[in-house]
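Below is one structure, written out as structure tokens, with a few remarks after it.
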Amino acid sequence: MSKKNVAVFVSGSGTNLQAIIDANIEAANLSVVLSNKPDAYALDRALKHEIPVEVVDHKEFNSREAFEAEILERLKKYNIELVVLAGFMRILTSFFVSHYKERIINLHPALLPSFPGVQSAKQALDYGVKFTGVTVHFVDDGVDTGPIILQSVVPIDDTDTEDTLLKKIHDEEHRIFPRVVKLFCEDRLTISGRIVSTK
């Protein structure tokens, strides 16, 4: 089986990047780690594993399109087949998404369509739900609206704080995100409208 070239986009510490690296996915070639923040610790994780890095600082551009055009230019030499958003704190526009249609996956710390956007764990606690979770989905032109690939349920205990709930959510992220990368790279995902099936 030929490997698929994967780009992982990061903005922070990169724990999900680490989970993907540690999974040692046979069908995935981690070709590049790209960050919009020059000081993101995730870049150190990549370099430690001899994965090329690219930094495109969004603050240096006057528009999202100009920022994304530079990212696209940087990615050309890597022949990327899958873009993985692993804590990438920028919303991608349709300009970028159209170049990688059905080839961008994102992780969201809730059971979409519930609690989209930011501070999902706090939203869940404030609402009083008994379960939240993790969603891995394809990225479309909306925010957290793309077809859902995989979800995992996280129970909320009466004693949970935002910090303790986030810890449980992160543990599930690290478990299921590499699994979805593996499924994609093994050509085991099919999309029909909003329905994603696993072969």
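Computed from the coordinates by the stated procedures, all read-outs in this text should not be read as laboratory data. On a predicted model such as this, the values are computed, not experimentally measured, just so you know. A quick note on method: Cβ atoms are made from the backbone with ideal geometry, for glycine too, and the neighbour counts reach across all protein chains shown.
Here is a check on your reading of the model: is Asn62 part of a strand (DSSP E or B) and out of contact with any His (no Cβ under 8 Å at 6 or more places or on another chain)?
On the way: part of a strand (DSSP E or B): no; out of contact with any His (no Cβ under 8 Å at 6 or more places or on another chain): yes.
No; evaluated as a whole, the condition is false for this residue.
Cβ-Cβ below 7 Å, separation at least six or inter-chain, first residue in segment 90-118 and farther than 13 Å from Phe138 by Cα and in contact (Cβ under 8 Å) with a residue 40 or more places away in the chain, second β-branched (Val, Ile, Thr) and in a loop (DSSP other than H, G, I, E, B): which pairs?
Within 7 Å, the pairs are Ile91/Val143.
Applying the selection to segment 142-165, what residues are assigned to a helix (DSSP H, G or I) and surrounded by fewer than 18 Cβ atoms within 10 Å (Cβ to Cβ)?
Here is the first cut: in segment 142-165, the ones assigned to a helix (DSSP H, G or I) are 162-165.
The answer is Glu162, Asp163, Thr164.
Across segment 11-29, what is the number of residues that are within 11 Å of Pro178 (Cα to Cα) and part of a loop (DSSP other than H, G, I, E, B)?
As a first pass, look at segment 11-29 and keep what is within 11 Å of Pro178 (Cα to Cα): 16-25, 28.
Next cut, part of a loop (DSSP other than H, G, I, E, B) only: 24-25.
Summing the residues that are within 11 Å of Pro178 (Cα to Cα) and part of a loop (DSSP other than H, G, I, E, B) in segment 11-29 gives 2.
Please state which one of Glu81, Glu172 is touching a residue at least 24 places away in the same chain (Cβ under 8 Å), touching a Lys or Arg at 6+ places or on another chain (Cβ under 6 Å) and not aromatic (Phe, Trp, Tyr).
Checking each option against the conditions leaves just Glu81.
Count, please, the residues in segment 81-132 that happen to be in a loop (DSSP other than H, G, I, E, B) and not hydroxyl-bearing (Ser, Thr, Tyr). Outline the logic, then answer.
In the first step, residues of segment 81-132 are kept if they are in a loop (DSSP other than H, G, I, E, B); the result is 81, 86-93, 101-103, 109-119, 128-130.
When the remaining residues are screened for being not hydroxyl-bearing (Ser, Thr, Tyr), the result is 81, 86-92, 101-103, 109-113, 115-119, 128-130.
Going through segment 81-132 one residue at a time, the tally reaches 24.
Hey, does segment 50-69 have a residue that's in contact with a Pro (Cβ under 9 Å, 6 or more places away or on another chain), under 30 Å from Thr190 (Cβ atoms) and among the acidic types (Asp, Glu)?
First, the residues of segment 50-69 that are in contact with a Pro (Cβ under 9 Å, 6 or more places away or on another chain): 55, 57.
If we keep only those that are under 30 Å from Thr190 (Cβ atoms) too, we end up with none.
No, segment 50-69 has no match at all.
I need a count of the residues in segment 166-197 that are among the hydroxyl-bearing types (Ser, Thr, Tyr) and either within 22 Å of Lys122 (Cα to Cα) or buried (at least 16 other Cβ atoms within 10 Å of the Cβ) (or both).
So the first thing to find is which residues in segment 166-197 are among the hydroxyl-bearing types (Ser, Thr, Tyr), and the list is 190, 192, 197.
This time we only want the ones that are either within 22 Å of Lys122 (Cα to Cα) or buried (at least 16 other Cβ atoms within 10 Å of the Cβ) (or both), so: none.
Looking only at that region, the number is 0.
Can you name every residue in segment 136-154 that is out of contact with any Pro (no Cβ under 8 Å at 6 or more places or on another chain) and in contact (Cβ under 8 Å) with a residue 12 or more places away in the chain? Even if it seems obvious, please write down each step before you answer.
Taking segment 136-154 and keeping what is out of contact with any Pro (no Cβ under 8 Å at 6 or more places or on another chain), we get 136, 139, 141-142, 146-154.
Selection gives Val136, Val139, Asp141, Gly146, Pro147, Ile148, Ile149, Leu150, Gln151, Ser152, Val153, Val154.
Which members of segment 44-96 meet the condition of being surrounded by fewer than 14 Cβ atoms within 10 Å (Cβ to Cβ) and basic (Lys, Arg)?
Scanning segment 44-96 gives Lys48, Lys59, Lys76, Lys77.
So Val136 passes all but one of these: (1) under 27 Å from His99 (Cα atoms); (2) exposed (fewer than 15 other Cβ atoms within 10 Å of the Cβ); (3) in contact with a strand residue (DSSP E or B) (Cβ under 7 Å, 6 or more places away or on another chain); (4) of a type outside the set (S, T, N, Q). Which condition number does it fail?
Single failed check for Val136: (2).
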